[in-house]
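Data first, discussion second: the structure below is written as structure tokens.
The values are calculated or read from the model by the stated rules, or taken from the named source; none is laboratory data. Here the structure is a predicted model, which means the values were calculated and not measured. All Cβ positions, glycine included, derive from the backbone under ideal geometry; neighbour counts span all protein chains shown.
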Amino acid sequence: MVVSRTAPASQARTVLVPARSWAALDLGELWRHRELLLFLAWRDVKVRYKQTVLGGLWAVLQPALMMVVFTIIFGRYAGIDSEGAPYEVFSYAGLLPWVYFQGATTHGANSLVANARLITKTYFPRLYLPMASTMAAVLDYAIALLLLAVLMAVFGVVPDAELACLPLLLPLALLAAAGAGALLGALNVEYRDLRYVTPFLMQLWMFATPVIWPATGVPEGRRWLLGLNPMGGIVDAHRAAVLPGKSIDWSLLGLSAATSLLLLAVGLLYFRRVERSFADVI
Amino acid sequence: MSSSGAPAAIVVDGLAKRFTLGERGRHRTLRDALTLGVRRGLGLASPAKVETLWALEDVSFEVPRGAVLGVIGRNGAGKSTLLKVLSRITAPTRGRVELVGRVGSMLEVGTGFHPELTGRENIFLNGAVLGMKRVEIAAKFDEIVDFAEVAAFLDTPVKRYSSGMYVRLAFSVAAHLEPEILLVDEVLAVGDAAFQKKCLGRMGTAAGEGRTVLFVSHNMAAVQELTTTGLWLEGGRIAGQGPTGEVVQRYLSSFQDSAGTVRDVADAPRPFPQLSRAIELQRVELAGVETPLLAADRELALCLTVRCREAVPELRFGVTVARIDGVAVGTLFSPAQAGLRPGDQARFRVALAEPRLAPGTYTCAVSVGTGDGQTRRREFDVVRDAMQFQVLAGREDDADGVAGEWHASWGVVRFPDPAIERLA
């Protein structure tokens, strides 16, 4: 739907005409409704924490349990190289950005279908539904970060100056999750069986990402391939920022940042293309 | 329609909306889409035959600023689609719409309410969903709470609210939205009578303040009370427009033609799509007559065919009879029936020996559920406007129906003969 408006508000003029197939992102429209994005993210957080008995604890428990299982299976039995750090810290430092990405993407993928009534009964920028999911998941990440600090203290891991780069990585993961969430969310409206594919897809994606194995396990000449995965460079850099004996592979991170942006662009474009018919097919 | 000379607030020009129907129109699963893709690639699939429905066709009208337009028409006439296009929920297929001023729409009461959140939290969330700014909501917060009469329960999750409280709060938020163009869909069909009256008053004020209102309803009484001009849609096209009284009259008289005593309702649109349909209404017949005309002293008998999809402990039918202008006259609940197994189809005859309805045209909503007016009613399936019939003035033995007479001002119910005795 193409909409143009002119200020001031009392003379706002809205023109509705049939949609072109590839419409540009209407930033003005997104800005006008910005408060709603915060409200939706706030609702997601509030409802999730009210509905689960464990509340905020769940945010820590999920990566923590995965860390324990992976440490036993991959650290102890398979003896996977943990780049000189205790496997507990190694895997947890990699799991944090991954669990954020996985949670944000999965919630984003379901956000449109879950809010079908909102979509069929009110107008607002539909993009805010998957985006609110990616924002709401940030809180889980922040809570889980506390356990990382505890783990580092327990295992005596003292970070180096690269720790200062840590806050840079979440925004990158957020862009990637927003792209994946918007893309999967829009596809989900049209193809309802995608819901069953998403968890499986995320699982495969995790194994293709250096979460339980070190990026240095890939021969140096071919390591750039990991950068084709938006989360590849992000997870590796997240770990490098925490572990003292490992430094950030900036070229790998740069490539992943580029593929994250590409994923975001693809997600937004596809979303824009199909959002006008959401209310008709949802 | 812009005879008043005021500048137009809404201009609709050649508006059309097409929906795609059926399985072939959209592949709703990835599997279907993939199979179809492969079949096409191998040259096996015939070109997809897409069934479409024009919900709106060539609709053009203008609403001057400050006018209140009532949109009327039968189910499926395109009223809701028109409202959804104007509200920007769905895009037009052809044509152009221009809206001058801030637009607010109320297509449903409580959209965006979350049962886990408290009343206070929902006021802010719902306000934001409706397009209000946070400061605006905060400024009107006390007013909203007063209007809804829920001050004592502000910090209780709304899932603990009674349905009346829930609706009052939801409507109150929406009623405090102050757009220049207000689009309203039948939301007044909820809440108790006193609250409905309050809501009507609120909408009347809106119009008084120079706001442009577009109001969609089945309730002809409300439409006539609230609106000055009417727009009648029929099959997606404009069937009439002009002063509300005239348009409503023409619309009502069009019902005389749609006679029939059998309605297949299995695929009819449902007002509450979220119901389980464990028992599903299939067919509604007006029993014992060949035309939908009932003599004044005749019983009102319906044959109702249902299909059982899931076993239920008991079922009771409910029939609500309403005047054609939407004012409900009364509701009956049948005694409980049981013993249906999944897959069964059953036909029941529900008869009211003495309906005592005044002459006029009536419409029935039929429901199947458990419980009745004394216990808690839960519906499996509801079909509105499931049957229409006319009650004649005369008795059955009065073939021409000329003998009877009933004044509209006497009301809708013919009371039974009273007891009388001479006391002095």
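Checking the stated criteria, B:Arg414 turns out not to satisfy the condition of being exposed (fewer than 10 other Cβ atoms within 10 Å of the Cβ), of a type outside the set (Asp, Glu) and either over 28 Å from B:Gly260 (Cβ atoms) or at pLDDT 85 or above (or both). Taking the listed residues B:Ala193, B:Ala206, B:Ala221, B:Ala239, the one that is under 26 Å from B:Ser172 (Cβ atoms) and either touching a Leu at 6+ places or on another chain (Cβ under 7 Å) or at pLDDT 85 or above (or both) is B:Ala206, with no other qualifying.
For the range A:89-114, the tally of residues that are buried (at least 24 other Cβ atoms within 10 Å of the Cβ), within 14 Å of chain B (Cβ to nearest Cβ) and closer than 17 Å to A:Val47 by Cα stands at 2. One residue stands out in the range B:15-44 among those that are within 20 Å of A:Pro18 (Cα to Cα) and either more than 7 Å from chain A (Cβ to nearest Cβ) or modelled with pLDDT of 75 or more (or both): the one that is surrounded by the fewest Cβ atoms within 10 Å (Cβ to Cβ), namely B:Leu21.
Taking first residues from the range B:318-329 that are free of Cβ contacts under 8 Å to residues at least 40 places away in the same chain and partners that are of a type in the set (A, V, I, L, M) and in a strand (DSSP E or B), the Cβ contacts under 8 Å between residues at least 6 apart in sequence or on separate chains come to B:Ala328/B:Val321; B:Ala328/B:Ala322.
Suppose the filter is in contact (Cβ under 8 Å) with a residue 60 or more places away in the chain, of a type in the set (Gly, Ala, Ser) and surrounded by fewer than 18 Cβ atoms within 10 Å (Cβ to Cβ); does B:Ala268 pass it? Against the criterion (in contact (Cβ under 8 Å) with a residue 60 or more places away in the chain, of a type in the set (Gly, Ala, Ser) and surrounded by fewer than 18 Cβ atoms within 10 Å (Cβ to Cβ)), B:Ala268 qualifies. Cβ-Cβ distances below 8 Å connect the following pairs, each with a first residue in the range B:284-303 that is touching a residue at least 40 places away in the same chain (Cβ under 8 Å) and within 13 Å of B:Ala351 (Cα to Cα), a second residue that is surrounded by fewer than 17 Cβ atoms within 10 Å (Cβ to Cβ) and among the acidic types (Asp, Glu), and a separation of six or more residues or different chains: B:Arg298/B:Glu396; B:Glu299/B:Glu354.
For B:Gly66, are the conditions met, namely being modelled with pLDDT of 75 or more, part of a loop (DSSP other than H, G, I, E, B) and surrounded by 14 or more Cβ atoms within 10 Å (Cβ to Cβ)? So B:Gly66 passes the test. Taking the criterion of being more than 12 Å from chain A (Cβ to nearest Cβ), farther than 14 Å from B:Gly131 by Cα and not aliphatic (A, V, I, L, M), the residues of the range B:157-178 that qualify are B:Arg160, B:Tyr161, B:Ser162, B:Ser163, B:Gly164, B:Tyr166, B:Arg168, B:Phe171, B:Ser172.
Could we say that A:Leu96 is assigned to a helix (DSSP H, G or I) and either without any contact (Cβ under 8 Å) to a residue 60 or more places away in the chain or polar (S, T, N, Q) (or both) here? Spelling it out, it is not the case that A:Leu96 is assigned to a helix (DSSP H, G or I) and either without any contact (Cβ under 8 Å) to a residue 60 or more places away in the chain or polar (S, T, N, Q) (or both). No other residue among A:Ala78, A:Ala41 is farther than 20 Å from A:Ala149 by Cα, of a type in the set (A, V, I, L, M) and crowded, with 18+ Cβ neighbours inside 10 Å apart from A:Ala41. For B:Arg94, the conditions (1) surrounded by fewer than 24 Cβ atoms within 10 Å (Cβ to Cβ); (2) more than 21 Å from the chain's Cα centre (by Cα); (3) farther than 28 Å from A:Pro125 by Cα are fulfilled apart from (3). Only one of the numbered conditions (1) within 14 Å of another protein chain (Cβ to nearest Cβ); (2) surrounded by 19 or more Cβ atoms within 10 Å (Cβ to Cβ); (3) over 22 Å from A:Leu264 (Cα atoms) is violated by A:Tyr128, and that is (3). Before we move on, is B:Val71 β-branched (Val, Ile, Thr), away from every other protein chain (no Cβ under 14 Å), crowded, with 20+ Cβ neighbours inside 10 Å and in contact with a Leu (Cβ under 6 Å, 6 or more places away or on another chain)? When the stated conditions are applied, B:Val71 passes them. Of all residue pairs spaced 6 or more apart or on separate chains, those with beta-carbon atoms under 9 Å, a first member in the range B:406-417 that is in contact (Cβ under 8 Å) with a residue 12 or more places away in the chain and a second member that is assigned to a loop (DSSP other than H, G, I, E, B) and β-branched (Val, Ile, Thr) are B:Val412/B:Val327.
Filtering A:Phe74, A:Phe39, A:Phe70 for residues that are at the interface with chain B (Cβ under 10 Å from one of its Cβ atoms), at pLDDT 85 or above and in a helix (DSSP H, G or I) leaves a single hit, A:Phe39.
Just to be sure I understand, how many residues within the range A:159-193 are within 14 Å of chain B (Cβ to nearest Cβ), not in a helix (DSSP H, G or I) and not hydroxyl-bearing (Ser, Thr, Tyr)?
Within the range A:159-193, residues that are within 14 Å of chain B (Cβ to nearest Cβ), not in a helix (DSSP H, G or I) and not hydroxyl-bearing (Ser, Thr, Tyr) number 2.
Just one residue in the set B:Glu354, B:Glu285 is surrounded by 16 or more Cβ atoms within 10 Å (Cβ to Cβ) and either assigned to a loop (DSSP other than H, G, I, E, B) or not β-branched (Val, Ile, Thr) (or both); that residue is B:Glu285. If you go through the range B:357-369 and pick out every residue that is more than 25 Å from B:Pro418 (Cβ to Cβ) and surrounded by fewer than 19 Cβ atoms within 10 Å (Cβ to Cβ), you end up with 2. Annotation: of all residues in the range B:105-132 being assigned to a strand (DSSP E or B) and buried (at least 24 other Cβ atoms within 10 Å of the Cβ), the one that is nearest to the other protein chains (Cβ to nearest Cβ) is B:Ser105.
In the range B:86-104, the residues that are more than 7 Å from chain A (Cβ to nearest Cβ) and farther than 15 Å from B:Arg65 by Cα reach residues that are at pLDDT below 90 and surrounded by 21 or more Cβ atoms within 10 Å (Cβ to Cβ) with C-beta atoms within less than 6 angstrom, at least six apart or across chains, in these pairs: B:Leu86/B:Leu183. For the range A:194-282, the helices (runs of 4 or more DSSP H) that sit wholly inside it and include 3 or more residues that are surrounded by fewer than 18 Cβ atoms within 10 Å (Cβ to Cβ) and at pLDDT 90 or above are A:194-207, A:250-275.
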